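Nothing in this text is a laboratory measurement; each read-out follows from the coordinates by a stated rule. Bear in mind the structure is a predicted one, so any value in this text is a computation, not a measurement. Note that we place each Cβ from the backbone using ideal geometry, even for glycine, and neighbour counts take in every protein chain shown.
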Amino acid sequence: MAHKTGARRPRRVLLLAALAAVVLVVAGALVVSRLVADERPEPRPGTATATATATPSVAAEPSPTTPPGAGITGPLNLLLVGVDTRVSVPGWEPHGDSVLVLHVPAGLDRAYLFSLPRDLLVDIPAFPKSGYRGGKTKLTHAMSYGSRVPDKPKQPSAAQGYELLRSTVSGYTGLRIDAGAVITFNGFDKLVDTLGGVDIHVDQRVASLHRRPDGRHRDPAPSGGGYIGPQMVYEKGQRHLNGWQALDYARQRYIPGGDYARQRHQQQLLRALATKILDEDLARRPDRVQQVVDVLGDTLIYAGGPRIVDLAYALGGLGVDRFTLVALPGSGVGKGSAYRGEELKPVGREFLTALKAGDAEPFLAAHPELRVKN
């Protein structure tokens, strides 16, 4: 996106761009609404909030003369989780359908966004809160196993599930998770529509498993195990997508490239949304900010860490062009013909090691194939 020569972007606009990626784009609008109103963010009534096990170095409470976020230092690691829409079904245990990590190095001047496969084989630690004893299984299950509330079997807790997922991701990557967010797919859909849709480059032909061209859901196959009827198709090229289209496109994994292609598309969508928020200059339009906040309802859980306003200011120097999307290649794991899950290839695991050591940029220079193109 072109910048006017000599023009300085308002700081709040930069906050929007930064936070768009920090918490699945949604919290960017949430934070700015609080900044416009000059309020301290508080959890919505009835919305659970997970507490992080570790947080970055943060001043206990900024003084009137200390700018927000002044005590936050890097590196920061933010866990972003998308859970499927069936969380509205009573007793349904949320699964971590999309698991992304945003890493901000010590200088807070760059960010790396990567996805972990939902079927990644990981060691999930024991979690006494839910009665889970631990085991090696797919990453997506960490959210559901952790969400179980023993004395309330029909009322799973997404915030509690996030706690176990966070511990699992931290154990696998070796990264301390400082903060994060959980959002339902319905919330994502509403956000895109409220912003007027997004422009995204569709990098491969994608036929939808779930939707018809008019947006209606496809009918289940009479024999089970699939769907019938016309399919929505996203052809290659630059496209403008509305809410259901953006969500549908980013959810498809039964396509060439499988879940790894889906991860790439989700990352591209996040960056497109960040660009959209920046282009709209929402910080100058409190009425539009309020519209965005209102549609979110309780679909977002900000999962602990520093105050979100402080985090916003600490990352205020980031622009969309400073976000690097990273694809970690993997392959299936099984015994005989039995599929067990996915594992990252050596280059993917080596990237995580380099990231932790602060060497992400030279590693990506040596492995440019890991950079996701727009």
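Maximal additional length on extending the residue 369-residue 335 stretch stands at 9.3 nm, based on 0.36 nm per residue less the C-alpha distance.
Looking at this model, which pairs from 138/345; 276/373; 152/190 are more than 28 angstrom apart at the alpha-carbon?
Values: 138/345 16 Å; 276/373 18 Å; 152/190 30 Å.
Result: 152/190 exceed 28 Å.
Placing pseudo-labels 7 Å out from each Cα toward the beta carbon at residue 207 and residue 254 gives an inter-label distance of 1.1 nm. Look at 232, 143 and count the other Cβ atoms within 10 Å of each Cβ; fewest to most, that gives 232, 143.
Working from label points 7 Å from Cα in the Cα-to-Cβ sense, the residue 129 to residue 238 distance is 4.6 nm.
Comparing segment 111-232 with the 2.2 N^0.38 Å rule of thumb, its C-alpha radius of gyration ratio is 1.34 (two decimals). For segment 199-274, the Kirkwood estimate of the hydrodynamic radius, built from every pair of different alpha carbons, is 12.8 Å.
Want the number for residue 199 to residue 136: 0.36 nm per residue separation, take away the alpha-carbon distance, what's left? The partial results should precede the final answer.
On the way: separation 63, 0.36 × 63 = 22.68 nm, distance 3.95 nm.
Net length gain for the segment: 18.7 nm.
Qualifying trypsin sites (Lys or Arg not before Pro) in segment 153-252, where qualification requires a DSSP coil assignment and no more than 13 other C-beta atoms within 10 Å, comprise 154, 205, 216, 236.
Here the simple spin-label model places points 7 Å from the Cα toward Cβ, and for residue 227 and residue 359 these points are separated by 4.5 nm.
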